[in-house]
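Every number in this text was worked out from the coordinates using simple rules, so none of it is lab data. Everything numeric here is computed off the predicted structure, so don't read it as measured data. As a convention, Cβ positions derive from the backbone with ideal geometry for all residues, glycine included, and neighbour counts pool all protein chains shown.
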Amino acid sequence: MTDLFSKFDPLIQQRETLLSTGITDPFSLVMEEVKSPTVAVCNGRETILLGTYNYMGMTFDEDVIAAGQNALTNFGAGTTGSRVLNGTFQGHKECEDALKEFYGMDHAMVFSTGYQANLGIISTIAGKGDYVILDIDSHASIYDGCAMGNAEIVPFRHNDVEALEKRLKRLPADAGKLVVLEGVYSMLGDIAPLKEMIRVSKEAGAMVLVDEAHSMGFIGPNGRGVAEEQGVLDDCDFIIGTFSKSVGTVGGFCVSNHPKFEVMRLVCRPYVFTASLPPAVVACSAASIRKLMHNGNKRAHLWENSKTLHKGLIDLGFTLGTETPQSAIIAVIMPDLERGAMMWEALLHEGLYVNLARPPATPAGMTLLRCSLCAEHSADQVTEILAMFEAAGKKIGII
Ligand code: PMP
C-alpha cells in the first residue's frame, strides 16, 4: 500500500525541525478570551491584536451584536438548508439588499464564505473555451475557482499592466475572457492599478472581476474599495467580497449590474450545494454593512494608524512590503522562515499578535510578519506596537 500521506513528508519534517528548537507553533495559537477588536488573551497573557483583518472593528459593535441576538432568538441557530431550497430567510434578503445599496449595484448574491464566492463565480462564469486572465499573486480562492472550472488559465506578472495587455492581445478576439484582479493584495498590502488594467481589459473585450476583500469598508469615498477610489467601479462586471474582514462576521458575496446575473443562483454549485449562513450571521452582517456606509471618521483614523505604523517600522529599520502605506495591511519582510518564526514568537512574548505568512501563500518564497490595522486601535496602542517591534527586532537581531 502506498501511504497517501508520504507527499507531505517534507512539510512534516520542516515543521518538526522548527518546533524542535522549542518555538511556539505559530499556526495553532488559541485566543482564550477576546476582549475587544484589538485585545485578546493568548497563553494567559493580554495581547494586542495586529493580524485579524478586523479593519473596522465591527466584531463588537453594539448594533451588530443586538441584530445577531435578535435573529438568533427569532429565527433559530441555523437554516439547515441551501439558499435555493429552505435556506433563504428574510435576513439573507436583507443582507443582499444592504450590499446592493452599499455598492449601488442591481444584484447581490451572498455565499457562505468569500472563498466560495470566488470558487463559485469564477468556475461558473468562465467555461470550456473561455479564458481566465489573472494576476500571478492572486488569492488561493481565485486559483481554486480556476481549477474547478474548465476555462484556460492565463497568469500575468503581478500588477503589470503591460503584461496583462500582452496576454490579452494573444488570445482569440472572439473568445470569452474574464480578467480577475484584486483591489488590495493581501500579502504585501499593495494596491492594483485597476484603472489602467480595466481599460486594457475592456479594450480587449474582456469581462472584469475585482476581489475587494481587503478594501471594502475602508478604501474609496464610500468604502466601496479600490475600484471606487480609482473611479472605475461602473466598469467592473463583478465585485467579490467577504464578510470576514471589515464586516466582522463570516460570509462572501458577489455584486453585479449584469442583467442576467440572477441565473447564477441556479447554476453556481458552491452556492447551490451548501447550507446558507445562519440567521444571526446574516443579521450581524446586514447591520454591519449598513453602518459601514457612514463610517468616514473611522476610515480616516484607520489611515492615520496605517501611516504611523508604516513610518515607525521603516524608521526602526524593518523592510516592508510597500515603500509607502497603501492599505491597512503592512507586511514586514523576514530574512527566512526560522527567523520569521522567532520574531513572531518574540512579539507574542511582548504581547503582540501578528500573522506569520509563508509560502505558498506569500509571493516569491517570502516569509512575512503581516500586520493588519484596525480602526479601533488607539494611537497609544500603535505607539506600544512600535515599542514591541523594536524590542523583539533587537532581541532576534533583525534590526
Ligand atoms: N479573497 C481574498 C483576497 C482573501 O484574502 C480572502 C481571505 N483571506 C478571501 C477571498 C476569502 O474570504 P473568506 O475568509 O470569506 O473565505
| task | Give the shape of segment 150-199 as rounded, prolate or oblate, defined through the alpha-carbon gyration tensor: a ≥ b ≥ c are the square roots of its eigenvalues, a/c under 1.5 means rounded, and otherwise the shape is prolate if a/b is larger than b/c and oblate if not. | result | prolate
| task | For each of Arg15, Arg370, count neighbouring Cβ atoms within 10 Å of the residue's Cβ, then give the residues from fewest to most. | result | Arg15, Arg370
| remark: Rounded to whole Å, √(5λ) for the Cα gyration tensor eigenvalues of segment 357-399, largest first, gives 24, 17, 5
| message | Starting from a Cα-only point model with no solvent, please compute log10 I(q)/I(0) by Debye for segment 181-250 at q = 0.26 1/Å. | response | -1.16
| request: Give the order of Lys291, Lys7 when sorted by the count of other beta carbons within 10 angstrom, beginning with the fewest. | output: Lys7, Lys291
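If eta is 0.692 mPa s and T is 37 °C, what Stokes-Einstein diffusion coefficient results for segment 255-399, Kirkwood Rh from Cα pairs, in µm²/s?
183 µm²/s
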| query | Can you list the equivalent-ellipsoid semi-axes of segment 175-305, largest first and in whole Å, using the square root of 5 times each Cα gyration tensor eigenvalue? | reply | 24, 22, 12
| Volume in Å³ per residue [convex hull over Cα atoms, computed for segment 75-119] | 95 Å³
| Per-residue Cβ neighbour rank within 10 angstrom, fewest leading, His214, His301, His294, His258 | His294, His258, His301, His214
| task | Check the straight Cα-Cα distances from Lys166 and name the lysines below 27 Å, setting aside those fewer than 8 residues away within the same chain. | result | Lys128, Lys177, Lys195, Lys202
| field | Taking only Cα atoms of the chain, radius of gyration then Dmax in Å | value | 21.3, 62
| request: Hey, for a label at Phe273 modelled as a point 7 Å past Cα toward Cβ, could you say which residues of segment 117-143 have their backbone N under 13 Å away? | output: 120, 124
| message | In whole Å, what are the extents of segment 61-292 along the principal axes defined by its C-alpha atoms, from largest to smallest? | response | 56, 35, 30
| said: I need the trypsin sites (Lys or Arg not before Pro) found in segment 238-281, filtered to DSSP loop residues with at most 11 other beta carbons within 10 Å of theirs. | reply: Lys260
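As a check on your grasp of the helix formula, calculate [θ] at 222 nm for the chain: sum -39500 (n - 2.57) over DSSP H runs of n ≥ 4, divide by the residue count, round to the nearest 500.
On the way: 14 runs with 160 residues, N = 399.
Calculated from helices alone, the mean residue ellipticity at 222 nm is -12500 deg cm²/dmol.
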| task | Mind running the shape call on segment 327-386? Use the C-alpha gyration tensor, a ≥ b ≥ c as the square roots of the eigenvalues: rounded below 1.5 for a/c, prolate if a/b tops b/c, oblate otherwise. | result | oblate
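Let me know the longest stretch in the chain that avoids all chymotrypsin sites (Phe, Trp or Tyr not before Pro) found in a DSSP loop with at most 14 other C-beta atoms within 10 Å.
Within the chain, the longest run free of exposed chymotrypsin sites (Phe, Trp or Tyr not before Pro) spans 28-272.
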| note | Cα gyration tensor of segment 1-123 diagonalised, 5x eigenvalues square-rooted, in angstrom largest first, produces semi-axes 36, 25, 15
| Loop GluC sites (Glu not before Pro), segment 310-380, which have at most 13 other Cβ atoms in a 10 Å radius of their Cβ (DSSP) | Glu323
